[in-house]
Amino acid sequence: MSSRHGFSKADALFLKHIVAQVFPMMENIELLDRLASEAGQRERQKIACDLHDSTLQPYIGLRHGISAVRQAAAPGNPLIDDLDKLLAMATEVVGDMRHFVTNLNNGQLRKEPELLLALRRQAEQVRQFYDIDIVLRASPAIEVSDRLAAEVFQIVSEGISNIRKHTRARHGVIELGCDNGWLQILIENEGDGMPATPFTPSSIATRTSALGGRLLVLRPGDGGTSLQIAIPL
């Protein structure tokens, strides 16, 4: 500045030049931030629609089918109790999926990521309906995109389903963590002392490969199975 107590015309012109340069940059930053926020919201809405169509609708159809069979069952039918359990399970899953889709669509923030909340609910359902104890351990520092979270949910769900359908295990472990730009997932079940039958989970392998990740299947001597999955973030 040319004077300690005031601005000269040259100072004013200099400031005008600075303002002319800075304001458009600020407007661009604000615009980019708004576009990123809107893009994130559109992405969440797209994922929510995909989950609604590909996952929620089949469960709703299943619930209607079970309900129709239950109503048609004659009094005293020995399958009534099992049908009631299946109907309750389908109803609970539909409610949880609607909750997940709604929160994803609205972009609500929670103390724990929605992915972990959904996995904890699923583990509780498996414990309640199949008496299989699934322990979920997750790093609090996990940060994944909504689309990757949806894929991880499908991978872990398939892993839990495999434990239920293909083993006699009553205990399993799910671990999620981040390490050097990779999402690490461990899906493990106890053994029964007998050698495990060779098995490669094709659905999990396909999803992992599509995400650019890798899958390692380990079979300890006790007959258990350990899936070690790494997906780039």
Quiz item: Can you list the residues, at least 5 places off or on another chain, whose amide H is less than 5 Å from the amide H of Ala138, using H built in the peptide plane?
Solution: Leu176
Exercise. Could you order peptides 149-161, 119-131, 72-84 by the average number of other Cβ atoms within 10 Å of their residues, highest first?
Key: 149-161, 119-131, 72-84
Quiz prompt | Residues Asp222 and Arg70, FRET efficiency given R0 of 30 Å [Cβ-Cβ distance, rounded to 0.05] | solution = 0.15
Exercise. Kindly state, to the nearest 0.05, the FRET efficiency for Asp179 paired with Leu62, given R0 = 41 Å and r defined as their beta-carbon distance.
Key: 0.60
Quiz item: Given that compact globular proteins tend to follow 2.2 N^0.38 Å, what is the ratio of the alpha-carbon Rg of segment 119-233 to that value?
Solution: 1.02
Quiz prompt | Where a label projected 7 Å from the Cα of Thr91 along Cα→Cβ would reach, residues of segment 125-155 with amide N under 19 Å | solution = 125-130
Self-check item: Which of Arg214, Arg63 has the fewest Cβ neighbours within 10 Å, and the rest in rising order
Solution: Arg214, Arg63
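No lab work stands behind these numbers, since they all come straight from the coordinates. Since the model is a prediction, treat every value here as computed from it, not as a measurement. Note that we place each Cβ from the backbone using ideal geometry, even for glycine, and neighbour counts take in every protein chain shown.
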